[in-house]
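Here's the structure we're looking at; comments come further down.
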Amino acid sequence: MDVSIRPSSVAGDARAPPSKSYTHRAILAAGYSETATVEDALVSADTRATMRAVDAFGGTVDRNGSTVDVEGFDGRPAVPDDVIDCANSGTTMRLVTGCAALGDGLTVLTGDDSLRSRPHGPLLDAIAQLDGRAESTRGNGQAPLVVGGHVSGGQVSIPGDVSSQFITALLMAGAVTESGVDVDLETELKSAPYVDITVEVLADFGVEVERTDAGFSVPGRQSYEAEGGTYRVPGDFSSMSYLLAAGAVAGDDGVTVHGARPSAQGDSAIVSVLERMGADIDWNRDGGTIDVSRTPLSGVEVDVGDTPDLLPTIATLGAVADGDTRIVNCEHVRYKETDRVSAMAEELTKMGASVTEEHDVLTVHGSDTDLVGADVDGRHDHRIVMSLAVAGLVAEGTTTITGGEHVDVSFPGFFDVLDGLGATVGRE
């Protein structure tokens, strides 16, 4: 689907969807349990992949709107009858790889072209250290994967700068092993707030995780049990970032975003980034609302080591701001659904932005930029599509984005929300 955006002023109230990161973890945690209900879940292409995986391991997932009732496999995943297709969801594949390592037999995991190009080698190596079987069918650390071996726990050494999802997978699976799992980090942990999310969700399911000098330790023989049998998913700050950015660049009469209650989400840093850039923004943490309106922005330097999903949003803000916006420590952002560093550099350049791309730094020269409408490629990546849509709000002329349907991965209805705020949105 092609989506066109014309210069628009936005105003009014909007609500970001529930957190994708929390939903993935909560659905799988419910699968590890005997039974649990996940309320306010994000139902999207990615999270449906995790639901299918829970079904494949012997659980039962029933969904009624945003409420998901799960009869779990109680820490003992069955060997799936068929290949598990994770579609485009890297989170599903990595978290489920840890679960598959618990099985008595072998599980085969695959996904679409994009997912089959993403790295999983460190997680496969970690499972092998636990005497499990974890192989890439092509021998390159990429899916399809074959995983099993009924791991019983132990100690692993793994780099922390490739994907925090590897750590999450080991912690979630390690809690139901015989002896638990000690995770020693070989490097600094990138995207650390995502592991904080994992620890928070596990605590809500009664699972203990210990932080150690070397990394993390999760004792074995634990049971997953949500307090009162129910877990409620918080709002998603990654998705919220596009609405806040839209308000900051085009909200002449102000935008109020609901569902912004504090949590372990690192991407809540978008609020402080906007404050540093000079945005007129106010976060009512108790009420869970953020008010933001258009004001001149200035370029800043932002380290996205812990917040990789914010890079596309910040790059768009940098194209509107005066001065340079330097996004540093971003090498790991190249290994998402697409190389988001190059994607934003190339697509914003098509729109008239002045951008300098280095391996670990993306600099947007706002003072040398006058955004104009253009035909841009969403790269089959939900975050690229939504960020370019925000740029289209202030670009002269019409911006047409290919692949608009990919917003379903994390923010179904994004363009409906944008339209409801007054944006001129066309769909073909």
If a residue must be touching a Ser or Thr at 6+ places or on another chain (Cβ under 7 Å) and either at pLDDT below 95 or surrounded by fewer than 24 Cβ atoms within 10 Å (Cβ to Cβ) (or both), how many such residues does the range 95-110 contain? 0
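One line per residue, one yes/no per condition, for (1) not in a helix (DSSP H, G or I); (2) not β-branched (Val, Ile, Thr):
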{"site": "353", "(1), (2)": "yes, yes"}
{"site": "367", "(1), (2)": "no, yes"}
{"site": "384", "(1), (2)": "no, no"}
{"site": "387", "(1), (2)": "no, yes"}
{"site": "407", "(1), (2)": "no, no"}
{"site": "411", "(1), (2)": "yes, yes"}
{"site": "417", "(1), (2)": "no, no"}
{"site": "425", "(1), (2)": "yes, no"}
Run residue 248 past the list (1) farther than 30 Å from residue 154 by Cα; (2) outside the structural domain of residue 286 (by TED's automatic domain parsing) and report the number of the one that doesn't hold. (2)
Count of residues meeting criterion [among the polar types (S, T, N, Q) and within 20 Å of residue 47 (Cα to Cα)] in the range 393-421: 1
Which numbered condition residue 395 misses (of (1) in contact with a strand residue (DSSP E or B) (Cβ under 7 Å, 6 or more places away or on another chain); (2) surrounded by fewer than 22 Cβ atoms within 10 Å (Cβ to Cβ)): (2)
Exactly one of 201, 195 is out of contact with any Pro (no Cβ under 7 Å at 6 or more places or on another chain), assigned by TED's automatic domain parsing to the domain that holds residue 70 and in contact (Cβ under 8 Å) with a residue 40 or more places away in the chain, and that residue is 201
So, in the range 299-334, exactly how many residues are more than 21 Å from residue 385 (Cα to Cα), touching a helix residue (DSSP H, G or I) at 6+ places or on another chain (Cβ under 6 Å) and surrounded by fewer than 20 Cβ atoms within 10 Å (Cβ to Cβ)? 3
How many residues of the range 225-263 are surrounded by fewer than 24 Cβ atoms within 10 Å (Cβ to Cβ) and either over 18 Å from residue 416 (Cβ atoms) or β-branched (Val, Ile, Thr) (or both)? The answer is 16
Out of the residues in the range 264-281 that are among the charged types (D, E, K, R) and in contact (Cβ under 8 Å) with a residue 12 or more places away in the chain, state the one that is surrounded by the most Cβ atoms within 10 Å (Cβ to Cβ). 267
Could you please give the count of residues in the range 282-296 that are of a type in the set (A, V, I, L, M, F, W, C) and surrounded by fewer than 24 Cβ atoms within 10 Å (Cβ to Cβ)? 1
Exclusive hit being crowded, with 22+ Cβ neighbours inside 10 Å and on the phi > 0 side of the Ramachandran plot, set 379, 383: 379
Matching residues in the range 349-361 (of a type in the set (A, V, I, L, M) and closer than 12 Å to residue 377 by Cβ) number 1
Can you pull out every residue in the range 338-356 that is surrounded by fewer than 23 Cβ atoms within 10 Å (Cβ to Cβ) and either under 18 Å from residue 111 (Cβ atoms) or under 15 Å from the mean Cα position of the chain (by Cα) (or both)? 338, 339
What's the number of the only condition in (1) touching a residue at least 40 places away in the same chain (Cβ under 8 Å); (2) touching a strand residue (DSSP E or B) at 6+ places or on another chain (Cβ under 9 Å); (3) among the basic types (Lys, Arg) that residue 221 fails to meet? (2)
Among strands (runs of 3 or more DSSP E) entirely inside the range 98-172, those with 3 or more residues being in the same structural domain as residue 308 (by TED's automatic domain parsing) and out of contact with any Phe, Trp or Tyr (no Cβ under 9 Å at 6 or more places or on another chain) are none
Taking the range 28-40 and keeping residues surrounded by 24 or more Cβ atoms within 10 Å (Cβ to Cβ) and either aromatic (Phe, Trp, Tyr) or within 20 Å of residue 267 (Cβ to Cβ) (or both) leaves 32
Looking at residue 321, is it closer than 24 Å to residue 266 by Cα, in contact with an Asp or Glu (Cβ under 9 Å, 6 or more places away or on another chain) and of a type in the set (Gly, Ala, Ser)? no
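The values are calculated or read from the model by the stated rules, or taken from the named source; none is laboratory data. Small disclaimer: the values here were computed from a predicted structure and weren't measured. Quick reminder, even Gly has a Cβ in these numbers, built from the backbone with ideal geometry, and neighbours come from all protein chains shown.
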